[in-house]
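Working notes for the structure below.
Computed from the coordinates by the stated procedures, all read-outs in this text should not be read as laboratory data. Model, not experiment: these values are computed from the prediction. Heads up, the Cβs are rebuilt from the backbone with ideal geometry, glycines too, and the neighbour counts pull from every protein chain shown.
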Amino acid sequence: MSFLNRLKQGAQSLTSTLSTEITKFNNADFANATMAMCALITAADQHVSPEERARVAQFIGSNDLLRSFNVADLQGKYNGWLNKLQADYDFGRIEALQAIGKLRSKPDQARAMLQVGIVIGKADGAFDPQEMTQVRAAAQAVNLDPTEFGV
């Protein structure tokens with residue numbers, strides 16, 4: 001099964017739960033935090049291949065969960081976060097976690113953002129320890145218990 005098909009399958013399993021939630025979360029902080037989470041998962045091993053970057057960008061553009069957002073805006077945010085992580089991983093990670101932390105007072109949005117990150121992480125068939133570490137850090141940034149998400 002291809003990477004993109006796994007992404008779509010993972011997203012479909014969460015669609016019924018997240019679809020309504022994400023539609024009501026159509027705001028800049030949620031979009032930015034979600035794209036920061038996607039970038040953290042993509043760069044979890046500190047290596048981003050052009051193919052991996054393109055696949056996740058394609059997922060962002062084709063995913064029903066994110067349909068209430070402007071696709072070009074989401075892809076721009078995602079690419080911006082990846083560029084920061086590739087230029088200086090440690091500093092980029094701190095910035096991404098700060099953006100994610102803006103959802104601290106919005107636990108429903110924070111949970112939905114984390115679930116999108118988990119879908120991205122599991123899309124290749126293996127939820128790697130580095131990816132789990134990113135979800136764990138993001139959960140802590142929004143004051144949620146990482147064990148709620150299995151990490």
Worksheet item: Which net charge results when you count Lys and Arg as +1 and Asp and Glu as -1 among the other residues whose beta-carbon is under 11 Å from that of Gln134?
Response: -1
Worksheet item: So how do Thr147, Thr42 line up by other beta-carbon neighbours within 10 Å, fewest first?
Response: Thr147, Thr42
Item to complete: With a 10 Å radius around each residue's Cβ, average the other Cβ atoms per peptide and rank 27-38, 91-102, highest first.
Response: 27-38, 91-102
Worksheet item: In a shell of Cβ-Cβ distance under 11 Å around Leu103, excluding Leu103 itself, what net charge do Lys and Arg (+1) and Asp and Glu (-1) give?
Response: +2
Worksheet item: What are the aspartates and glutamates whose alpha-carbon lies under 14 Å from the alpha-carbon of Lys77, with same-chain residues fewer than 8 places away excluded?
Response: Asp29, Glu95
Worksheet entry | Glu51/Ile94 FRET efficiency (R0 22 Å; Cβ-Cβ; nearest 0.05) | 0.25
Item to complete: Could you tell me which of rounded, prolate or oblate describes segment 90-136, using a ≥ b ≥ c as the square roots of the eigenvalues of the alpha-carbon gyration tensor, with rounded for a/c under 1.5 and, failing that, prolate when a/b is larger than b/c and oblate otherwise?
Response: oblate
Item to complete: Apply the Karplus parameterisation 6.51 cos²θ - 1.76 cosθ + 1.60, with θ equal to phi minus 60°, to every residue of segment 96-113 and state each ³J(HN,Hα) to the nearest whole Hz, in sequence, with x for glycine and proline.
Response: 4, 5, 5, 5, 4, x, 5, 8, 3, 8, 10, x, 5, 5, 4, 4, 5, 4
